[in-house]
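Below is one structure, written out as C-alpha coordinates, with a few remarks after it.
The values are calculated or read from the model by the stated rules, or taken from the named source; none is laboratory data. Since the model is a prediction, treat every value here as computed from it, not as a measurement. Every residue, glycine as well, gets a Cβ built from its backbone with ideal geometry; the counts of neighbours run over all protein chains shown. What goes into the accessible areas is simple: the full protein's heavy atoms, side chains included, and nothing from ligands, DNA or RNA. Shrake-Rupley method; radii C 1.70, N 1.55, O 1.52, S 1.80 Å.
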Amino acid sequence: MSTIKERIATIQKKITTEFEKTTFSKKPILLAVSKIKPAELVLEAYEAGHRDFGENYVKELNTKAQEVEKSDIRWHFIGHLQSNKAKLLCSTKNLYMMQTVHSIKIARLLNKHCQEREEPLRVMIQINTSGEENKSGCDPENCHEIIQFILNDCPNLKFVGIMMIGFFAQENDFKRLSQLKEQISKRLQIDSNEIELSMGMSNDYETAIKYGSTCVRVGSLIFGQRNYN
(Lines give C-alpha, C1' and ligand atoms only; values in the text may rest on other atoms or scores of the structure.)
Protein backbone atom coordinates (compact mmCIF):
# COMPACT_ATOMS: atom_id res chain seq x y z
CA MET A 1 0.00 0.00 0.00
CA SER A 2 1.34 3.44 -0.93
CA THR A 3 2.11 6.08 1.68
CA ILE A 4 0.48 9.51 1.89
CA LYS A 5 3.75 11.03 0.71
CA GLU A 6 3.74 8.80 -2.38
CA ARG A 7 0.08 9.56 -3.15
CA ILE A 8 0.67 13.30 -2.93
CA ALA A 9 3.69 12.99 -5.22
CA THR A 10 1.63 11.03 -7.76
CA ILE A 11 -1.14 13.63 -7.80
CA GLN A 12 1.31 16.51 -8.01
CA LYS A 13 2.91 14.87 -11.01
CA LYS A 14 -0.48 14.55 -12.73
CA ILE A 15 -1.26 18.19 -11.91
CA THR A 16 2.01 19.27 -13.52
CA THR A 17 1.38 17.11 -16.58
CA GLU A 18 -2.10 18.53 -17.17
CA PHE A 19 -1.03 22.10 -16.40
CA GLU A 20 1.80 21.96 -18.93
CA LYS A 21 -0.75 21.14 -21.64
CA THR A 22 -2.48 24.48 -21.02
CA THR A 23 -1.58 28.11 -21.66
CA PHE A 24 -2.53 29.28 -18.18
CA SER A 25 0.03 31.14 -16.09
CA LYS A 26 -0.70 29.81 -12.60
CA LYS A 27 -0.13 26.19 -11.71
CA PRO A 28 -2.90 24.80 -9.48
CA ILE A 29 -2.21 24.12 -5.83
CA LEU A 30 -3.23 20.79 -4.38
CA LEU A 31 -5.62 21.21 -1.48
CA ALA A 32 -5.56 18.06 0.65
CA VAL A 33 -9.09 17.62 1.99
CA SER A 34 -8.83 15.99 5.39
CA LYS A 35 -12.42 16.06 6.67
CA ILE A 36 -13.34 13.21 9.02
CA LYS A 37 -9.70 12.11 8.98
CA PRO A 38 -7.56 12.16 12.14
CA ALA A 39 -5.01 14.87 12.77
CA GLU A 40 -2.29 12.22 12.62
CA LEU A 41 -2.84 11.86 8.87
CA VAL A 42 -2.69 15.62 8.40
CA LEU A 43 0.61 15.63 10.28
CA GLU A 44 1.90 12.81 8.08
CA ALA A 45 1.09 14.84 4.98
CA TYR A 46 2.66 17.91 6.56
CA GLU A 47 5.85 16.01 7.35
CA ALA A 48 5.89 14.95 3.68
CA GLY A 49 6.11 18.63 2.76
CA HIS A 50 2.46 19.48 2.14
CA ARG A 51 1.04 22.71 3.52
CA ASP A 52 -2.48 23.36 2.16
CA PHE A 53 -5.36 21.50 3.82
CA GLY A 54 -9.13 21.80 3.45
CA GLU A 55 -11.87 21.16 5.99
CA ASN A 56 -15.67 21.18 5.70
CA TYR A 57 -16.75 21.51 9.33
CA VAL A 58 -15.88 24.47 11.53
CA LYS A 59 -15.50 22.62 14.85
CA GLU A 60 -13.39 19.89 13.26
CA LEU A 61 -11.18 22.48 11.58
CA ASN A 62 -10.76 24.47 14.77
CA THR A 63 -9.81 21.35 16.73
CA LYS A 64 -7.34 20.06 14.13
CA ALA A 65 -5.70 23.45 13.85
CA GLN A 66 -4.92 23.21 17.57
CA GLU A 67 -3.73 19.61 17.29
CA VAL A 68 -1.46 20.32 14.33
CA GLU A 69 0.28 23.47 15.50
CA LYS A 70 2.56 24.36 12.62
CA SER A 71 3.18 28.02 11.87
CA ASP A 72 3.35 27.54 8.10
CA ILE A 73 0.33 25.29 7.62
CA ARG A 74 -2.48 26.83 5.55
CA TRP A 75 -6.04 25.86 6.45
CA HIS A 76 -8.83 26.42 3.90
CA PHE A 77 -12.49 26.22 4.89
CA ILE A 78 -14.52 24.63 2.08
CA GLY A 79 -17.81 23.74 3.76
CA HIS A 80 -21.13 25.49 4.22
CA LEU A 81 -20.82 28.13 6.93
CA GLN A 82 -23.68 28.71 9.36
CA SER A 83 -23.91 32.23 10.71
CA ASN A 84 -23.46 31.13 14.32
CA LYS A 85 -20.12 29.46 13.47
CA ALA A 86 -18.50 32.50 11.83
CA LYS A 87 -16.80 33.71 15.02
CA LEU A 88 -15.31 30.29 15.76
CA LEU A 89 -14.08 29.93 12.19
CA CYS A 90 -12.34 33.30 12.26
CA SER A 91 -10.60 32.42 15.53
CA THR A 92 -9.03 29.30 14.00
CA LYS A 93 -5.24 29.22 14.08
CA ASN A 94 -3.58 29.55 10.67
CA LEU A 95 -6.87 29.99 8.81
CA TYR A 96 -5.59 30.97 5.36
CA MET A 97 -8.69 31.08 3.21
CA MET A 98 -12.47 30.78 3.34
CA GLN A 99 -13.62 29.43 -0.04
CA THR A 100 -17.38 29.32 0.40
CA VAL A 101 -18.74 32.84 0.86
CA HIS A 102 -22.22 32.68 -0.65
CA SER A 103 -23.94 35.85 0.56
CA ILE A 104 -23.40 39.41 1.69
CA LYS A 105 -24.60 38.37 5.14
CA ILE A 106 -21.78 35.84 5.50
CA ALA A 107 -19.23 38.31 4.15
CA ARG A 108 -20.36 40.90 6.69
CA LEU A 109 -20.04 38.42 9.57
CA LEU A 110 -16.59 37.30 8.49
CA ASN A 111 -15.43 40.88 8.19
CA LYS A 112 -16.74 41.62 11.69
CA HIS A 113 -14.98 38.65 13.29
CA CYS A 114 -11.69 39.08 11.43
CA GLN A 115 -10.88 42.47 12.94
CA GLU A 116 -8.12 41.02 15.11
CA ARG A 117 -6.29 39.27 12.26
CA GLU A 118 -2.86 40.53 11.29
CA GLU A 119 -3.83 40.39 7.62
CA PRO A 120 -7.16 40.20 5.74
CA LEU A 121 -8.72 36.76 5.36
CA ARG A 122 -8.60 35.54 1.78
CA VAL A 123 -12.08 34.66 0.55
CA MET A 124 -13.65 33.06 -2.49
CA ILE A 125 -17.25 33.28 -3.64
CA GLN A 126 -18.97 29.93 -3.98
CA ILE A 127 -20.94 29.68 -7.21
CA ASN A 128 -23.82 27.32 -7.95
CA THR A 129 -23.18 26.77 -11.65
CA SER A 130 -25.77 24.03 -12.06
CA GLY A 131 -28.73 25.96 -10.66
CA GLU A 132 -29.71 22.99 -8.48
CA GLU A 133 -31.50 24.11 -5.32
CA ASN A 134 -29.89 21.42 -3.18
CA LYS A 135 -26.40 22.77 -3.87
CA SER A 136 -24.85 25.61 -1.92
CA GLY A 137 -23.53 28.74 -3.54
CA CYS A 138 -24.86 31.94 -5.01
CA ASP A 139 -26.39 32.38 -8.42
CA PRO A 140 -23.76 33.38 -11.01
CA GLU A 141 -25.79 36.52 -11.76
CA ASN A 142 -25.57 37.67 -8.13
CA CYS A 143 -21.90 37.08 -7.44
CA HIS A 144 -20.79 40.52 -8.68
CA GLU A 145 -22.84 42.17 -5.94
CA ILE A 146 -21.15 40.09 -3.23
CA ILE A 147 -17.68 40.72 -4.64
CA GLN A 148 -18.33 44.46 -4.86
CA PHE A 149 -19.50 44.48 -1.24
CA ILE A 150 -16.28 42.75 -0.14
CA LEU A 151 -14.12 45.13 -2.15
CA ASN A 152 -15.89 48.24 -0.86
CA ASP A 153 -17.06 47.39 2.65
CA CYS A 154 -14.91 44.56 4.03
CA PRO A 155 -11.40 45.77 4.88
CA ASN A 156 -10.72 42.59 6.85
CA LEU A 157 -11.39 40.37 3.83
CA LYS A 158 -9.52 39.98 0.56
CA PHE A 159 -11.40 38.72 -2.50
CA VAL A 160 -9.18 36.23 -4.35
CA GLY A 161 -11.47 34.15 -6.55
CA ILE A 162 -14.48 31.93 -7.12
CA MET A 163 -15.14 28.28 -6.40
CA MET A 164 -17.55 25.53 -7.28
CA ILE A 165 -18.46 22.31 -5.49
CA GLY A 166 -19.98 19.38 -7.30
CA PHE A 167 -19.43 15.70 -6.72
CA PHE A 168 -20.47 14.99 -10.28
CA ALA A 169 -19.50 18.24 -11.95
CA GLN A 170 -19.90 18.29 -15.69
CA GLU A 171 -17.24 19.66 -18.00
CA ASN A 172 -19.70 22.40 -18.88
CA ASP A 173 -19.70 23.54 -15.23
CA PHE A 174 -15.94 24.08 -15.39
CA LYS A 175 -16.39 26.00 -18.61
CA ARG A 176 -19.10 28.19 -17.07
CA LEU A 177 -16.96 29.04 -14.04
CA SER A 178 -14.04 29.93 -16.30
CA GLN A 179 -16.29 32.19 -18.36
CA LEU A 180 -17.69 33.79 -15.20
CA LYS A 181 -14.16 34.64 -14.11
CA GLU A 182 -13.68 36.64 -17.31
CA GLN A 183 -17.03 38.38 -16.84
CA ILE A 184 -16.07 39.38 -13.28
CA SER A 185 -12.73 40.67 -14.55
CA LYS A 186 -14.36 42.93 -17.13
CA ARG A 187 -17.30 44.08 -15.02
CA LEU A 188 -15.31 44.90 -11.88
CA GLN A 189 -12.07 45.79 -13.64
CA ILE A 190 -9.99 43.15 -11.89
CA ASP A 191 -7.04 41.54 -13.67
CA SER A 192 -8.27 38.06 -14.63
CA ASN A 193 -4.88 36.63 -13.67
CA GLU A 194 -5.60 37.77 -10.11
CA ILE A 195 -8.87 35.80 -9.91
CA GLU A 196 -8.38 32.24 -8.75
CA LEU A 197 -10.59 29.29 -9.68
CA SER A 198 -11.14 26.54 -7.10
CA MET A 199 -12.68 23.61 -8.95
CA GLY A 200 -11.99 19.94 -9.46
CA MET A 201 -12.03 17.07 -6.96
CA SER A 202 -10.61 13.55 -6.76
CA ASN A 203 -12.67 12.28 -9.69
CA ASP A 204 -12.30 15.21 -12.09
CA TYR A 205 -9.39 17.47 -11.11
CA GLU A 206 -7.46 16.72 -14.30
CA THR A 207 -10.40 17.95 -16.39
CA ALA A 208 -10.78 21.05 -14.21
CA ILE A 209 -7.16 21.99 -14.87
CA LYS A 210 -7.93 22.15 -18.59
CA TYR A 211 -10.33 25.01 -17.83
CA GLY A 212 -7.97 27.00 -15.64
CA SER A 213 -8.41 25.67 -12.12
CA THR A 214 -5.86 27.16 -9.73
CA CYS A 215 -6.87 24.97 -6.77
CA VAL A 216 -7.90 21.32 -6.94
CA ARG A 217 -9.45 19.75 -3.84
CA VAL A 218 -8.45 16.12 -3.37
CA GLY A 219 -9.27 13.99 -0.35
CA SER A 220 -9.85 10.27 -0.84
CA LEU A 221 -6.94 9.82 -3.26
CA ILE A 222 -4.63 11.08 -0.51
CA PHE A 223 -6.17 9.94 2.76
CA GLY A 224 -8.33 7.01 1.60
CA GLN A 225 -12.09 6.60 1.47
CA ARG A 226 -14.08 8.16 4.28
CA ASN A 227 -16.22 6.21 6.69
CA TYR A 228 -19.19 8.36 7.77
CA ASN A 229 -20.60 5.74 10.16
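If R0 is taken as 25 Å, the Cβ-Cβ distance between residue 80 and residue 1 corresponds to a FRET efficiency of 0.15. Placing one equal scatterer on every Cα of the range 44-84 and applying the Debye formula, the log10 ratio I(q)/I(0) at q = 0.24, 0.26, 0.30 Å⁻¹ is -0.83, -0.94, -1.13.
Dipole orientation for the chain: of the candidates 88, 165, 45, 88 has the Cα lying most toward the positive pole (charges on Cβ; Lys, Arg +1; Asp, Glu -1). Assuming charge only on the beta carbon of Lys and Arg (+1) and of Asp and Glu (-1), the dipole of the range 3-49 about its Cα centre is about 220 debye to the nearest 20.
First compute the accessible area of the chain with a 1.4 Å probe, then give the percent of it belonging to carbon and sulfur atoms. Before the final figure, lay out each step's value.
Working: 5230 of 11660 Å².
Taking all protein chains in place, the chain shows 45 percent carbon and sulfur surface.
Database remark: amide H of residue 98 closer than 5 angstrom to the amide H of 77, 122, 123, 124 (H placed geometrically; neighbours at sequence offset of 5 or more, or on other chains; Pro and chain starts carry no H).
Ordering of 201-210, 17-26 by packing is 201-210, 17-26, highest average first (other Cβ atoms within 10 Å, averaged per residue).
The orientation-averaged shadow of the Cα convex hull for the chain, equal to a quarter of the hull surface, comes to 12.4 nm².
Straight-line reach from residue 37: which aspartates and glutamates fall under 17 Å, measuring Cα to Cα and dropping same-chain residues less than 8 apart? Within reach: 47, 52, 55, 60, 67, 69. The accessible area of residue 2, taken with all protein chains in place and a 1.4 Å probe, comes to roughly 60 Å². With R₀ set to 25 Å, the beta-carbon distance separating residue 26 from residue 220 gives a calculated FRET efficiency near 0.50.
Between residue 93 and residue 13, how high is the FRET efficiency from 1/(1 + (r/R0)^6) when r is the Cβ-Cβ distance and R₀ = 25 Å? Nearest 0.05.
Working: r = 31 Å, r/R0 = 1.24.
Computed FRET efficiency for residue 93 and residue 13 comes out at 0.20.
Under Stokes-Einstein, with the Kirkwood radius over Cα pairs as Rh, the value for the range 42-159 at 20 °C and 1.002 mPa s is 146 µm²/s.
Just to confirm, what accessible area per residue do you get for the range 1-132 at 1.4 Å probe, in whole Å²? Working shown, then result.
Numbers: 6600 Å² over 132 residues.
On a per-residue basis, 50 Å².
How big is D, in µm² s⁻¹, for the range 77-121 by Stokes-Einstein at 10 °C and 1.306 mPa s if Rh is the Kirkwood radius over C-alpha pairs? Each step should come with its number before you reach the end.
On the way: Rh = 10.6 Å.
This corresponds to a translational diffusion coefficient of 150 µm²/s.
Rg and Dmax over the alpha-carbon atoms of the range 101-223 stand at 14.4, 40 Å.
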